[in-house]
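Everything on this sheet refers to the single structure shown next.
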Amino acid sequence: MRVLLFAHLKELTGQEHLDIPSTGPLTVEGFWTRLLDLCPALASQRPHVRLARNWQYAQPGDRFEPTDELALIPPVSGG
Amino acid sequence: MNWRSFPQYPEADMEPIDIQITLDRIEDQTSAPSNDPRVGSQLEFRGLVRAEENGQTIVALEYEAYLPMARRTLETLARDLLARHRCLAVRVIHRLGVVPVGETAILIQVASRHRQEGFQFLKEYMDQLKTEVPIWKVRALPLLPAIPDAPALAISVLLP
């Protein structure tokens, strides 16, 4: 499962994306557990970012499939 | 939609929506008045880069986007608000990369029968863009004092 990073999250992690080895679908909580195991530096960002799944904001009850494209969306500032 | 080739009699459920995300100067884009006889109002909003960011004098901002999601979100917003406010057509262009002070970061043009629908559209579109569309100002390039005989130097400041 690929997780895309943007804006200051790229600077924080030194990565443009992270790959979570996954054996099956993940709940939102399961996703965060796996992600923070992989990259503990993102823990402080969790309250401030939204999750996107396949180009749409994720919902609390979503389950993420291994083939989904996930993204961490920090507060936006376009325009 | 090409603003110049605005269809004359679009179907009611086929409002033209033109969404562009570009590295090019928006100022170089041309626009022409609509020739749709239903249009009584054509409004334009431009968001420009100001010379001040977080109390600092700057010369440019750098923008980044999650491209496929930004495009989809800009389009969904446009479709929803066109229907809600019964507007006839919209064109949105957002620039990415380094945008110098005074240049346009975003352009929105909206055509409607009456001006009120267009004003409502513009306000709600920009309000929602500012919270929903994954585009970020990632760096501010500050104005540096001139140092005689110093080599050219570029410094950028990461935005929170």
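For (1) free of Cβ contacts under 8 Å to residues at least 40 places away in the same chain; (2) in contact with a Lys or Arg (Cβ under 9 Å, 6 or more places away or on another chain); (3) within 14 Å of chain A (Cβ to nearest Cβ), each residue gets a yes or a no:
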| site | (1), (2), (3) |
| --- | --- |
| B:62 | no, yes, yes |
| B:66 | no, no, yes |
| B:73 | no, no, yes |
| B:81 | no, no, no |
| B:91 | no, no, no |
| B:95 | no, yes, yes |
| B:104 | no, yes, yes |
| B:107 | no, yes, yes |
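Restricting the search to strands (runs of 3 or more DSSP E) fully inside the stretch A:1-54 and requiring at least 3 residues that are within 9 Å of the chain's Cα centre (by Cα) gives A:2-4, A:50-53. For the structure I just gave you, tell me whether residue B:24 is out of contact with any helix residue (DSSP H, G or I) (no Cβ under 6 Å at 6 or more places or on another chain), under 12 Å from residue B:104 (Cα atoms) and in contact (Cβ under 8 Å) with a residue 40 or more places away in the chain. So residue B:24 passes the test.
Just checking: which of the strands (runs of 3 or more DSSP E) contained wholly in the stretch B:73-136 hold 3 or more residues that are buried (at least 20 other Cβ atoms within 10 Å of the Cβ) and acidic (Asp, Glu)?
Correct list: empty, since no element meets the threshold.
For the stretch A:66-79, a residue qualifies if it is out of contact with any His (no Cβ under 8 Å at 6 or more places or on another chain), surrounded by 14 or more Cβ atoms within 10 Å (Cβ to Cβ) and not small (Gly, Ala, Ser), and the qualifying residues are A:68, A:69, A:70, A:72, A:73, A:76. For the stretch A:13-46, taking the residues that are within 14 Å of chain B (Cβ to nearest Cβ) and surrounded by fewer than 16 Cβ atoms within 10 Å (Cβ to Cβ), the one that is nearest to residue A:66 (Cα to Cα) is identified as A:17. Is it true that some residue in the stretch B:47-64 is crowded, with 17+ Cβ neighbours inside 10 Å, assigned to a loop (DSSP other than H, G, I, E, B) and hydrophobic (A, V, I, L, M, F, W, C)? Yes, that holds for at least one residue. None of B:103, B:75, B:117, B:62 is in contact with a Cys (Cβ under 9 Å, 6 or more places away or on another chain), at pLDDT 95 or above and of a type in the set (Asp, Glu) except B:117.
The values are calculated or read from the model by the stated rules, or taken from the named source; none is laboratory data. These numbers were taken from a predicted model, which means no experiment stands behind them. A quick note on method: Cβ atoms are made from the backbone with ideal geometry, for glycine too, and the neighbour counts reach across all protein chains shown.
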